Every structure is written in C-alpha cells, then in structure tokens.
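Reviewing the structure listed below.
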Amino acid sequence: MFCEKAIELIRELHRMSDGQLPAFNEDGLRQVLQEMEALYEQNQSDVNEAKSEGRAKLIPSIKLRHCCLLRNQRCVTAYLYDRLLRIRALRWEYGSVLPANVRFHMCAEELQWFSQYKKSLASFMRSLGGNEGLDITQDMKPPKSLYIEVRCLKDHGEFEIDDGTVILLKKNSQHFLPRWKCEQLIRQGVLEHVVS
Amino acid sequence: MFIADIRKDFYEVVANQRVVLLVAPDIDALCACKILQALFHCDQIQYTLVPVTGWQDLGTAFLEHKEQFRYFVLINCGANVDLLEMLQPDDDSIFFICDTHRPVDVVNVYNDTQIKLLIKQDDDLSVPSYDDIFRDEDEEGEDSGNESDEGSEPSGKRRRFDEGAVERRIERQRAKREWEARRREILFDYEQYEYHGTSAAMMFFELAWVLTKDTKDMLWWAIIGLTDQWVHDKITNMKYVTDIATMQRHVSRHNHRNEDEENSLSIDCMRISFEYDLRLTLYQHWSLYESIYNSCYTSCSFKLWTLNGQKKLQEFLADMGLPLKQVRQKFNSMDMSIKENLRDVIEESSNKYGMKDIRIQTFGVHFGFKNRFLASDMVHATAALLESAEKDDSETDNFIKALDALSRSNIDRLHSGIALAKKKLIAIQQTVASCICTNLILSQGPFLYCYLMEGTPDVKLFSKPMALTLLCKYLLKAFVHSTRNKRCKLLPLVMAAPKDVEKGTVIVVGIPPESETSDKKNFFGRAFEKAAESTSSRTLHDHFDTSIIELKTEDRSKFLDALITLLS
C-alpha cells in the first residue's frame with residue numbers, strides 16, 4: 001500500500017512522545033523518497049499518455065498517485081520539522097554542548113542546523129541587558145532563592161565556585177551554595193537538594 | 001575571650017564570609033546547628049556543615065578546610081581543651097566556640113585574637129584570674145644585668161654586692177616556685193570536675209531573638225536542646241527550672257501575637273504550649289502501661305524488676321480505676337473519659353506511692369490534627385536515630401538522619417525515630433532488670449562497677465556513648481533503690497561495655513553519684529587520664545566528654561586496679 005513507509009516514520013516519532021530524539025531514520029526516509037520518485041514517474045508517463053491519446057480513464061489513477069505524493073511530502077516534512085523542534089528543545093535542556101549519544105542520533109544537516117541555532121541564540125542573548133548580555137537559558141522558572149542547601153551524597157573532591165573558593169565535597173557534608181553552580185552536580189547525582 | 005555582644009562580635013563578623021560549622025554528635029548541638037542554619041539561610045551566609053564525632057575527626061576536618069576557610073564555628077566541642085595547641089592553626093583562622101562543656105580551658109579564655117567564646121560570662125564559670133596563672137618571664141634579665149654592671153667594682157665590694165644579688169635571686173626563685181605550686185593547685189581545682197553549662201541551642205536562639213529573626217521553629221529547637229540536657233542528666237534541676245522559665249517567656253511572647261477569637265490560626269500552624277506533664281517517656285506514642293513499665297522514674301520507684309514491684313504496679317493501676325485493657329492499648333485509642341483527667345489522677349495516686357515528682361515542667365508542640373509531640377519525645381527519637389546501630393550506616397549518615405528528623409517536613413523520620421527509641425528503652429529496662437537481679441554491680445571501694453558481657457542481648461545498642469550513659473544513670477538509680485547498703489548509695493558508677501569486637505575494645509563511662517541535689521560534676525575525666533597514664537593502658541580519649549573513653553579489653557583489669565588505687 002502506498003504511504004506506509006511515511007506513516008512508519010511518523011509512528012516512530014510518536015512512540016517517543018516525551019521529547020527524546022530517536023536515531024535519524026535515513027533508511028526509512030530514503031525508501032519514502034524512492035516511493036515518491038516511482039509514483040512521480042508513473043504519473044509522468046500516464047499524464048503524457050493521457051494528453052497524447054486523450055484517455056480520460058487514466059485520470060483517477062493519476063489523481064490517486066498525486067494524492068499519495070502529497071501525503072508522503074506532508075509526512076516527511078512533518079517528520080523533519082518535529083525532529084528540529086526536539087533538537088531546539090535540547091539546547092534549552094542540556095546547554096550548548098550535547099552529550100555524545102544524542103549527537104549520534106542526529107544527521108549531518110541537523111547538526112549544522114543546531115550549531116546555527118546556537119549561534120543565533122547566543123547573539124540574541126548577548127544583545128540583551130546592556131553590554132553584558134543575559135543568559136536566559138538559566139532559571140526557566142523564577143527561583144525562590146539565590147542560594148540553596150545541598151547535601152553531598154558521595155565523595156566528589158574539590159569543587160570551585162565563582163569567586164575562586166574551593167569547597168571540599170565530602171560524603172554527608174552539607175553546604176549552602178549559589179543555585180546555579182549546584183544545578184549541574186544535582187543532575188549528576190553528586191549533590192542532593194535539601195528542603196527543610 | 002568571651003564575646004560581649006553576640007550580634008556585633010559574631011554575626012556581623014561572619015555576615016559576608018564563608019564559614020565552616022563543626023558540629024558534635026549530640027541533640028543539643030543538632031538543635032543549635034538547625035537554628036544557626038536557619039539564620040544563615042535568612043541572610044545568605046554561605047557555609048559548609050561537617051559533623052565531627054571526636055577530637056581526631058575535628059582535627060581532620062580542620063586540616064581539610066583550613067586552606068579555604070578563615071572562620072570556624074564549633075558547636076558543643078572545643079572549649080575544654082587548648083584548641084590552638086591541638087589544631088596548630090595559622091594566625092588568621094578565627095574560631096567561634098559555643099560549647100556546653102565546662103570547665104573552659106584557660107588558654108581559650110585568655111586568648112584575645114583567635115578564640116572567641118560564645119558563652120555567657122555569668123554562667124557559673126569561676127575562671128581563675130589571669131595573674132594567678134600566667135606570668136611574664138622577664139625577671140631573669142634583671143638579675144644578670146645587675147651583675148654585669150657591678151663587675152667593674154673592686155672585689156671586696158663586689159662580693160658584698162654579689163651576696164646581695166645572690167640572696168635576691170634565691171628569694172625570687174623561691175617566690176617563683178611558690179607561685180608555680182599555687183598555680184598547679186588552682187588549675188587542678190579548676191579542671192578537676194567536668195560539668196555542663198547553658199544549652200548551645202538556647203545561646204543561638206538568643207542570637208536569633210536579638211536579631212529579631214526568631215521563629216517558632218527556632219524556639220522549638222531551643223526547647224529541644226534544653227530538654228536534651230535534662231533527659232541526659234547534664235544539668236541540675238535548678239538550672240533546668242530556671243531555663244524553662246526563660247523559654248516560657250519566649251513561648252508566651254510568640255503565642256500572644258497571633259490568636260484571638262475572630263482570627264484563629266489554622267490547625268496546621270505550629271503551636272507551642274507549656275505543659276506540666278507526666279514524666280512517662282513517650283507515653284502519648286505508646287501504651288500507658290508500657291510507658292510506665294519502661295520509664296526510669298516509675299520503674300525505679302516501683303522496683304519493677306521484682307515480682308513485688310509488678311504487683312504494686314497492678315495495684316497502682318487499680319487504684320486509679322484504669323482497666324488493664326484500656327491501659328495496654330495505644331494511648332490514642334484509649335477512652336476519652338480516661339484521657340481527660342489522666343494527669344491529675346496519676347499525680348494523686350503517685351503521691352500515695354511515694355512518687356512526688358511524677359509531673360515535670362516541659363513544652364509540647366502540635367501542628368495538624370495528628371501531630372502532637374512533647375519535647376522529651378523529640379529528644380528520645382532523635383537520640384535513637386543518632387545512635388542507631390544499623391550495620392551499613394556510618395556515623396555521619398546517622399547524623400544526617402537525625403538532623404532531618406528535627407524538621408517538621410520529615411514526620412516519617414521522626415516516627416521511625418520514636419519506634420527505635422521504644423526499642424532502646426525496652427532494651428535498657430531489661431538490661432537494668434537483669435543486672436540488678438544477677439548482682440552484676442560490684443562495689444570496688446571508691447566506686448561501683450558493672451561490666452556488660454559480650455553475649456548480653458542488645459549489647460550493640462550500648463556500644464554508643466549516649467545510650468550507654470543513659471543505661472548507666474538508670475542502673476545507678478535502680479541500684480540505689482534496691483540496695484540496703486547505705487554507703488553504696490553514695491558511690492559513683494563506672495560501666496564498661498564492648499565497643500568493637502574485632503578490634504577488641506570496650507567503651508568505659510563514669511557518672512557521678514546519684515542524689516536529689518547533685519550538682520552533676522563528674523571527676524572521672526581526669527581520673528581516667530591518670531589511670532591510663534600510670535598503667536600505660538592503650539586508651540583512646542577521643543570523645544568530647546572526657547568521662548567517656550575507649551580501652552583495649554586486655555587492659556581492662558589493670559586499668560580498673562589503677563583507678564581504684566587512685567580514688568581511694
């Protein structure tokens with residue numbers, strides 16, 4: 001049946017509805033494009049035939065193939081666009097350096113798109129707030145306080161904060177540190193936010 | 001030196017700095033730590049909190065952090081030794097010490113630059129005056145100066161001058177020896193007895209009050225710190241009552257603000273109230289029968305390790321008209337009609353049975369419909385968490401758990417602490433009963449002695465200092481009630497229990513004699529030190545309380561003999 005492969009692509013993205021990026025399905029895409037090419041060629045020959053010989057009976061099949069072509073086109077563009085939206089969200093979640101396993105799932109063009117998106121975002125951020133620029137990717141929700149209390153879950157050694165002081169992160173020690181410095185370590189599981 | 005104005009000389013000094021908090025493992029220190037943390041959160045003072053379990057831990061923590069931090073706050077540790085000598089800090093390290101251990105070491109008192117003591121000066125200190133202990137060493141210089149001047153004179157005259165100079169020198173040396181002997185005596189008297197001063201949590205609450213940043217949570221923690229000192233018998237009754245009065249003023253100040261008929265506070269808000277409540281440990285979270293059975297006061301008054309005592313208990317309950325079925329079920333499920341006048345009914349009956357002080361002044365808190373706690377409940381629960389003998393948890397893990405239990409958002413932790421506390425109290429009661437019945441307490445002359453054998457049930461619980469001290473006190477009270485020997489009633493008690501079976505060590509605790517008006521002064525610290533020295537036993541004086549030490553099992557008997565000779 002026509003357009004089956006295109007639906008496969010869409011289903012693949014739908015399966016991972018929480019924003020994860022599956023591997024770029026180059027095979028599937030190629031198959032869809034091949035199908036489109038085959039349909040187009042058949043249509044071309046039929047149209048030529050219909051025009052030259054005036055066989056009106058071919059017109060419904062031409063219409064059918066045309067509809068299938070349009071549907072394939074819609075599905076493929078939806079697939080690519082949805083992937084781009086997910087990649088854009090990755091910038092806001094992970095920062096400007098993506099982890100290797102995520103990068104592995106992107107094709108070359110997507111990587112290029114990502115770096116250009118990064119650049120535009122950076123130049124936009126630089127233009128805010130007078131001369132200094134403002135990092136709008138931090139603190140997506142207004143923070144309750146500048147400093148948070150964290151507890152160290154495992155021995156992590158020394159940790160430097162913005163003004164140069166080095167804190168020794170030993171297991172079960174508690175610290176009261178600026179929020180933005182701790183966020184990365186909290187995500188890694190070294191520190192735990194203590195709510196009291 | 002003592003700090004005069006805690007706000008100016010402590011809080012404003014650390015206001016823009018990073019601080020290290022070194023906290024000792026007892027409930028008063030935990031409460032003080034929570035209050036200080038809350039204040040630091042208010043003012044965004046960055047800090048690092050490190051729990052320390054003994055002198056070695058303190059040294060290690062100091063070494064780790066001394067490069068990066070200048071200001072150290074020590075809670076319930078460090079006042080009773082020469083801190084500068086022990087830690088050898090750089091000149092710019094400053095130590096703020098808030099410690100209940102007394103006597104405060106004289107070097108700490110008279111050091112002007114690096115050691116600041118957050119202790120009230122009228123707090124029963126009796127520090128010797130400066131001139132009695134420290135003396136400038138420049139009299140020697142004068143003598144030799146005189147001699148060289150007179151060297152140019154003719155020999156006859158010189159000899160006469162020499163004689164004068166020699167006499168003066170002998171006189172000076174004699175005076176110096178006398179001064180040194182008196183100094184040794186003064187220091188010996190000063191450092192002989194160990195005792196405790198005002199709770200650290202109360203000190204920090206006062207700081208919060210001066211800054212007008214005190215909240216009900218901080219007040220509750222201060223109350224718990226004070227109650228911890230009473231539960232573990234660290235302060236006298238007089239001091240406890242005086243401090244309760246101080247806290248009562250704060251409680252009424254906090255309660256006065258909020259409630260009136262129209263705007264009553266939501267049931268979820270925290271309410272602290274003064275209670276003249278029963279001395280039955282954990283009775284609201286247990287059944288009344290179990291609580292009476294396992295509380296030290298009632299158990300010793302009835303002598304519940306004897307059959308006679310148990311009969312008396314049944315009589316007591318019958319006298320009050322409380323059916324056994326009611327009394328044995330959970331307190332919350334007892335009939336309302338019984339619960340209403342319970343305290344008065346119990347007080348009346350206890351007077352008949354010779355228990356005059358069944359009620360004690362304390363405070364209770366309640367927030368929400370289900371959560372009601374007395375201060376002593378919190379102390380027992382947190383102490384049980386702090387010293388829980390689970391295999392996998394290190395001591396700092398327990399510290400963190402206990403610290404968490406003090407927050408109102410961790411009620412589950414608190415309930416688990418209460419369950420552990422119940423087990424601990426039952427274990428203590430059973431151990432006391434078996435020790436008395438099998439006559440394990442022996443009189444060694446100047447003191448009583450008891451050794452817990454390795455196979456004793458629950459002996460693992462008693463390898464921790466606070467639990468062992470509590471057992472010690474209950475045991476002494478029970479012994480005093482059960483013995484007929486008048487002389488033995490006035491003796492102190494030394495107790496030993498196995499600490500680490502693989503390393504072969506025991507933990508030894510000494511407590512002062514039991515009496516109504518005891519001033520809780522403990523001389524075992526110095527005694528243990530001297531006994532260990534004289535027999536060269538392998539001991540570890542690591543604990544912040546000097547009357548608790550670790551000892552190798554093999555050296556136990558010679559250590560004991562030395563102690564007997566020392567104290568007789």
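The values are calculated or read from the model by the stated rules, or taken from the named source; none is laboratory data. Note that the structure is predicted; figures quoted are calculated from it, not measured. As a convention, Cβ positions derive from the backbone with ideal geometry for all residues, glycine included, and neighbour counts pool all protein chains shown.
Given B:D412, B:D397, B:D335, which one is surrounded by fewer than 18 Cβ atoms within 10 Å (Cβ to Cβ) and either in contact with a Lys or Arg (Cβ under 9 Å, 6 or more places away or on another chain) or in the same structural domain as B:K464 (by the TED database) (or both)?
After ruling out the rest, the residue left standing is B:D397.
Can you list the helices (runs of 4 or more DSSP H) lying wholly within region B:275-335 that have 1 or more residues being under 26 Å from B:C472 (Cβ atoms)?
B:288-294, B:296-302, B:307-320
Exactly one of these conditions fails for B:D545: (1) buried (at least 17 other Cβ atoms within 10 Å of the Cβ); (2) farther than 27 Å from B:Y240 by Cα; (3) among the acidic types (D, E). Give me its number.
The failed condition is (2).
Does region B:486-501 hold any residues that are more than 19 Å from B:P513 (Cα to Cα), surrounded by fewer than 16 Cβ atoms within 10 Å (Cβ to Cβ) and touching a strand residue (DSSP E or B) at 6+ places or on another chain (Cβ under 9 Å), and which are they?
Of everything in region B:486-501, just one residue is more than 19 Å from B:P513 (Cα to Cα), surrounded by fewer than 16 Cβ atoms within 10 Å (Cβ to Cβ) and touching a strand residue (DSSP E or B) at 6+ places or on another chain (Cβ under 9 Å), namely B:D500.
Let me spell it out: the conditions are (1) in contact with a strand residue (DSSP E or B) (Cβ under 7 Å, 6 or more places away or on another chain); (2) surrounded by 17 or more Cβ atoms within 10 Å (Cβ to Cβ), and B:Q68 meets all of them except one. Which number is the exception?
Among (1) in contact with a strand residue (DSSP E or B) (Cβ under 7 Å, 6 or more places away or on another chain); (2) surrounded by 17 or more Cβ atoms within 10 Å (Cβ to Cβ), the lone unmet condition for B:Q68 is (2).
In the list B:F10, B:F62, B:F40, which residue meets the criterion of being touching a Phe, Trp or Tyr at 6+ places or on another chain (Cβ under 8 Å) and more than 14 Å from chain A (Cβ to nearest Cβ)? Reasoning before the result, please.
On the way: B:F62 fails: more than 14 Å from chain A (Cβ to nearest Cβ); B:F40 fails: more than 14 Å from chain A (Cβ to nearest Cβ).
Result of the check over B:F10, B:F62, B:F40: B:F10.
Quickly run through region B:517-544 and pick out the residues that are of a type outside the set (F, W, Y), under 21 Å from B:K489 (Cα atoms) and assigned to a loop (DSSP other than H, G, I, E, B).
Once the filter is applied, which keeps residues that are of a type outside the set (F, W, Y), under 21 Å from B:K489 (Cα atoms) and assigned to a loop (DSSP other than H, G, I, E, B), region B:517-544 yields B:T517, B:S518, B:D519, B:K520, B:K521.
Which pairs do you get when a residue that is on the phi > 0 side of the Ramachandran plot, found in region B:342-365, comes within reach of a residue that is of a type outside the set (F, W, Y), reach meaning Cβ atoms under 9 angstrom, with the pair 6+ apart or on two chains?
Listed by first residue and then by second, the contacts come to B:G354/B:S301.
Taking the options A:D27, A:D82, name whichever one is farther than 30 Å from A:S120 by Cβ, modelled with pLDDT of 85 or more and among the charged types (D, E, K, R).
Result of the check over A:D27, A:D82: A:D27.
Please name all residue pairs, on different chains or six or more residues apart, with Cβ atoms under 7 Å, provided the first residue is in region B:33-54 and is under 19 Å from A:S145 (Cα atoms) and in contact (Cβ under 8 Å) with a residue 12 or more places away in the chain and the second residue is outside any helix (DSSP H, G or I) and among the polar types (S, T, N, Q).
Listed pairs, sorted by first residue: B:T48/A:S173.
Go through (1) without any contact (Cβ under 8 Å) to a residue 40 or more places away in the chain; (2) closer than 30 Å to B:L63 by Cα; (3) away from chain B (no Cβ under 12 Å) and name the single condition A:K171 misses.
(3)
Pick out, from region A:81-196, the strands (runs of 3 or more DSSP E) lying fully within it that include 1 or more residues that are surrounded by fewer than 17 Cβ atoms within 10 Å (Cβ to Cβ).
A:157-160, A:166-169, A:174-178, A:191-193
Looking only at region B:517-532, decide whether some residue is among the β-branched types (V, I, T) and surrounded by fewer than 14 Cβ atoms within 10 Å (Cβ to Cβ).
yes
Looking at B:K503, B:K486, B:K477, B:K558 in this structure, which one is within 19 Å of B:I428 (Cα to Cα) and either in a helix (DSSP H, G or I) or not hydroxyl-bearing (S, T, Y) (or both)?
Only one candidate passes the filter, namely B:K477.
Taking the condition of being modelled with pLDDT of 85 or more and either within 9 Å of another protein chain (Cβ to nearest Cβ) or out of contact with any strand residue (DSSP E or B) (no Cβ under 9 Å at 6 or more places or on another chain) (or both), how many residues in region A:149-166 meet it?
2
Being within 18 Å of the chain's Cα centre (by Cα) and under 15 Å from B:A208 (Cα atoms) narrows it down to one of B:C77, B:C31, so name that one.
Values: B:C77 fails: under 15 Å from B:A208 (Cα atoms).
Result of the check over B:C77, B:C31: B:C31.
Quick check, is B:A402 modelled with pLDDT under 95, of a type in the set (G, A, S) and in contact with a Ser or Thr (Cβ under 9 Å, 6 or more places away or on another chain)?
On the way: modelled with pLDDT under 95: yes; of a type in the set (G, A, S): yes; in contact with a Ser or Thr (Cβ under 9 Å, 6 or more places away or on another chain): yes.
In short, yes.
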